[in-house]
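J.: Quick one: the structure is below, questions incoming.
Readers should treat all values here as calculations from the given coordinates under stated rules, not as data from a laboratory. For clarity, every value in this text was computed on a predicted model and none was experimentally measured. FYI the Cβ positions are ideal-geometry reconstructions off the backbone, even for glycines, and counts take in every protein chain you see.
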Amino acid sequence: MNSDFPAAVPEIPVRDIKKAADYYKNHLGFSIDWGGEDGGIAGISQGSCRMFLTNPAFRKPLGNAGPVLIWLNLSSRNEVNDLHKLWKGRQARIVSEPEEKPWKLHEFTAADLDGNLFRVFYDFSRDV
């Protein structure tokens, strides 16, 4: 078995896929790749980050519910700060400003329309 896992693809629970997709596109800069309310699932992406938006009907068989917390690991403090500035400029819901935490992460938090959270961070624990 190959021990290299592929990137995880989170499932984000939303009430309304169209409204959520509009927010992810217009405020967070994601592309809407496929799907919609009819199938109960939509694929979104930005760079190599892929996620699924799912409505209550799609999630009902497994009983999974939100809100959820997604961590986005960026490559530098500057990338974290730049993304924060971009999202803030697009009127994304910013929950906390960029800050260096005692656990050695430089991070900020944003939210979507359904209360799902994104912790955008850079791990500086290995910086020399």
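J.: Return the pairs, sorted by first residue and then second, in which the second residue is of a type in the set (Val, Ile, Thr) and buried (at least 22 other Cβ atoms within 10 Å of the Cβ), the first residue lies in the stretch 110-123 and is farther than 21 Å from Lys25 by Cβ, the beta carbons are less than 6 Å apart, and the residues are 6+ apart or on different chains.
T.: As it stands, the answer is Tyr122/Val80, since those pairs meet every condition given.
J.: Restricting the stretch 3-39 to residues that are surrounded by 14 or more Cβ atoms within 10 Å (Cβ to Cβ) and acidic (Asp, Glu), which is nearest to the chain's Cα centre (by Cα)?
T.: Looking at the filtered set, the residue picked out is Glu11.
J.: Let me ask something else. Mind counting the residues in the stretch 13-38 that are among the acidic types (Asp, Glu), without any contact (Cβ under 8 Å) to a residue 24 or more places away in the chain and in a loop (DSSP other than H, G, I, E, B)? I'd like the intermediate steps shown before the answer.
T.: The first filter runs over the stretch 13-38 and keeps only residues among the acidic types (Asp, Glu), leaving 16, 22, 33, 37-38.
Going one step further and asking which of them are without any contact (Cβ under 8 Å) to a residue 24 or more places away in the chain, we end up with 22, 33, 37-38.
Now restrict to residues that are in a loop (DSSP other than H, G, I, E, B): 37-38.
Final tally of qualifying residues: 2.
J.: Moving on to the next point. Could you list, in sequence order, the residues of the stretch 78-107 that are part of a loop (DSSP other than H, G, I, E, B) and touching a helix residue (DSSP H, G or I) at 6+ places or on another chain (Cβ under 9 Å)?
T.: Listed by number, the residues that qualify are Arg90, Gln91, Ala92.
J.: Only one of these is among the hydrophobic types (A, V, I, L, M, F, W, C) and not in a strand (DSSP E or B): Ala110, Ala42, Ala65. Name it. Working first, answer last.
T.: Values: Ala110 fails: not in a strand (DSSP E or B); Ala42 fails: not in a strand (DSSP E or B).
Within the list Ala110, Ala42, Ala65, the selection yields Ala65.
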